[in-house]
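Here's the structure, in structure tokens; my notes come after.
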Amino acid sequence: MTTHAGGVEGLPREKVEQFDRELAEILKRYPPDRKASAMIPALRLGQTLFGYVSPAVQALAADRLGTSPSRAEEVASFYVMLETHPFGRHLVEVCTNVSCSLTGGDRLYAYLKQKLALAGAGTTADGRFTLREAECLGACGTAPAMLVDEEMYEQLTQQKVDKILGEHP
Amino acid sequence: MSETLVLSARWGKPNSASLESYRADGGYAALDKALGMEPSAIVEEVKKSNLRGRGGAGFATGLKWTFLPKDVRPRYLTVNADESEPGTFKDRYIIEHDPHMLVEGIAITCVALDIHLAYIYIRGEFAKQARALEKAIAEARAAGIIGPKVLGKKDFDLDIHVHRGAGAYICGEESALLESLEGKKGYPRLKPPFPAVVGLWGKPTIINNVETIANIPWIVRNGGDAFAALGVGKSGGTRLFGVSGHVNRPGVYEKPVHYNLKKLIMEDAGGVVGGRAIKAVIPGGSSSPVLRGDEIDISLEFDAVKAAGSMSGSGGVIVFDESTCMVRALARIAKFYAEESCGQCTPCREGTHWMEGILERIEHGHASVADVAKLEQVANSIAGNTICALGDAAAMPVQSFLKKFRHEFLEHAELRRCPHGDHGWGLTQETRDAVAGPVRYAR
């Protein structure tokens, strides 16, 4: 099924080779005739290697999984953790759902907007942070919580948030 | 009897997640016992246990297992670790502290149901928990517990894999979960056929919640009757109840299924911060109908909470003190369902955004009394008119908040502002600092 020796148009050859190697490991989890099941992990891998899930990354994943680019696009646009556009060096997602806001999550989000000089969800001028609200992260007993680059931080205070951001240059 | 801990007994012990520690505490003895039993006898014990699904629906687990057609192979097991219902945070602790309990539960279930391939579908945001599961599965594989021969003795090949989602509440709905596992967007399927008949890749599939499956080793070890005796009536065992919001000791507490809700909040979770009164409690995750503070002296057992007009759901208890603005709380809940509606069914896709918009207008003083009635009308138009339960999940909070706290919505509309000003949400930072402490779970 690997029809492209090097890669899909516009993607660097070495990274495509790395994609193929790591995808081969992922595919061991699924029956050989069910490769398309690996669409989410394949697109996440593409996001890690190429920065975001561009149309070229979608085409690469679709090709390797033996399915159509439209299937890849449908998945890429459906799931919030798959980014179809470039974003900041660090992704900061603050839960403002009920249990977090009852313990100050909404205030933390407001604080972060102010600190990062953003009017709402968006990317800082220097490209360092992309900030947005998250839906419930399953940390209601240790609220408020946020994700930074998909790692969870809990029982947050403004001081803790300052420290965590400082650790992400 | 109430002190028996089925699920959380080992939490907090050093290295509790390791295979060595699990085995030292008698882990995988239940699997060994199960290998010596007739598969049908294992299913019989689970039926006798009165174990009901811990994901939210409370459906009898043993009964669900019997829905598998007798002669169709392969069959699959999918464990739902998508834990996304606001207020719910229990399965993650099983995975973090005792992942081998889940692996053993999966192995026993597979042996009982003649299943050779199982997936754990875990929400994408649980990166740490996914790593913990992958580590436990690798340990079990390396030790020969799973693989070509279960426990190295029985000629029964079994493999377990972790499949991470990528941020979509709807994928906790079992048929959307299957679509996602097949590499598609999470659109729920029309039912029937139910997944037990036509599931993953068109084959019979059992889908159970993490907590549900984690009970299986205890049931096999101690017998279904002993598990049933921990609970009451047709609900056996203990449950992990999560308490969050305005309480002094938020956390997960393992209690008998029929534990008292008020006691859980006032004693186990230490009562309300600052000694304030309770205005409202959501007893089973954000989709369960809200109760007033004077309605919480009830048993948490599924049928008892239903009789009280709500749902025990996923066991996620959210407590609101007397200072909370219920309009603001509901507006946030409505925003969640609007964000998470998958867009397949028109009433939900459109209605959830209408509800969110009307609630924002009421909260910010841009709505009239007529809008309150319109909000209710939209909720009533969604309920019962969608493929999956997300439509009902979005409608029930709106219907119940309007029923129990209508005066607050009308007051906002009449005043054309929020009477709570900016103080309707949350604790101050100082109070939060006082409450924040070590992570609390169980006991």
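A few comments on the model shown:
- Here residue B:94 meets the list (1) out of contact with any strand residue (DSSP E or B) (no Cβ under 8 Å at 6 or more places or on another chain); (2) within 14 Å of chain A (Cβ to nearest Cβ) almost entirely, failing just condition (1).
- Qualifying positions in segment A:146-166 - among the acidic types (Asp, Glu) and under 19 Å from residue B:127 (Cα atoms): A:149, A:150, A:151, A:154
- Of all the criteria given as (1) under 20 Å from the mean Cα position of the chain (by Cα); (2) surrounded by 17 or more Cβ atoms within 10 Å (Cβ to Cβ), the one not satisfied by residue A:55 is (2).
- Test: residue in segment B:42-49 that is hydrophobic (A, V, I, L, M, F, W, C), over 25 Å from the mean Cα position of the chain (by Cα) and surrounded by 17 or more Cβ atoms within 10 Å (Cβ to Cβ): no
- Checked against (1) touching a residue at least 24 places away in the same chain (Cβ under 8 Å); (2) under 17 Å from residue A:15 (Cα atoms); (3) of a type in the set (S, T, N, Q), residue A:96 meets all criteria but (2).
- Segment A:9-47, residues that are over 24 Å from residue A:77 (Cβ atoms) and small (Gly, Ala, Ser): A:24
- Among residues of segment B:299-342, those that are in contact with a Pro (Cβ under 9 Å, 6 or more places away or on another chain), hydrophobic (A, V, I, L, M, F, W, C) and more than 13 Å from residue A:99 (Cα to Cα), counted: 7
- Per the listing A:155, A:159, A:114, the residue uniquely over 22 Å from residue B:341 (Cα atoms), touching a helix residue (DSSP H, G or I) at 6+ places or on another chain (Cβ under 8 Å) and free of Cβ contacts under 8 Å to residues at least 60 places away in the same chain is A:155.
- Restricting segment A:112-169 to residues that are in a strand (DSSP E or B) and of a type in the set (Val, Ile, Thr), the residue that is nearest to the other protein chains (Cβ to nearest Cβ): A:148
- Filter pass, residue B:255 being on the phi < 0 side of the Ramachandran plot, within 20 Å of the chain's Cα centre (by Cα) and more than 14 Å from every other protein chain (Cβ to nearest Cβ): yes
- Of all residues in segment A:86-133 being within 21 Å of residue B:334 (Cβ to Cβ) and β-branched (Val, Ile, Thr), the one that is nearest to the chain's Cα centre (by Cα): A:94
- Subset of segment A:29-49 (residues that are among the β-branched types (Val, Ile, Thr) and more than 8 Å from every other protein chain (Cβ to nearest Cβ)): A:48
- Number of residues in segment B:258-280 that are more than 10 Å from every other protein chain (Cβ to nearest Cβ) and under 30 Å from residue B:226 (Cβ atoms) equals 11.
Each row is one residue, and each column tells you yes or no for (1) farther than 21 Å from residue A:25 by Cα; (2) within 13 Å of another protein chain (Cβ to nearest Cβ); (3) under 21 Å from the mean Cα position of the chain (by Cα); (4) buried (at least 19 other Cβ atoms within 10 Å of the Cβ).
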{"position": "B:137", "(1), (2), (3), (4)": "no, yes, no, yes"}
{"position": "B:148", "(1), (2), (3), (4)": "no, no, no, no"}
{"position": "B:176", "(1), (2), (3), (4)": "yes, yes, yes, yes"}
{"position": "B:184", "(1), (2), (3), (4)": "no, yes, no, yes"}
{"position": "B:206", "(1), (2), (3), (4)": "yes, no, yes, yes"}
{"position": "B:212", "(1), (2), (3), (4)": "yes, no, yes, yes"}
{"position": "B:215", "(1), (2), (3), (4)": "yes, no, yes, yes"}
{"position": "B:219", "(1), (2), (3), (4)": "yes, no, yes, yes"}
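No value in this document is a laboratory result; all are computed from the given coordinates. Predicted model, so just to flag it, every value in this text is computed and none were measured. Positions of Cβ are generated from backbone atoms using ideal geometry, with glycine treated the same way; all protein chains shown enter the neighbour counts.
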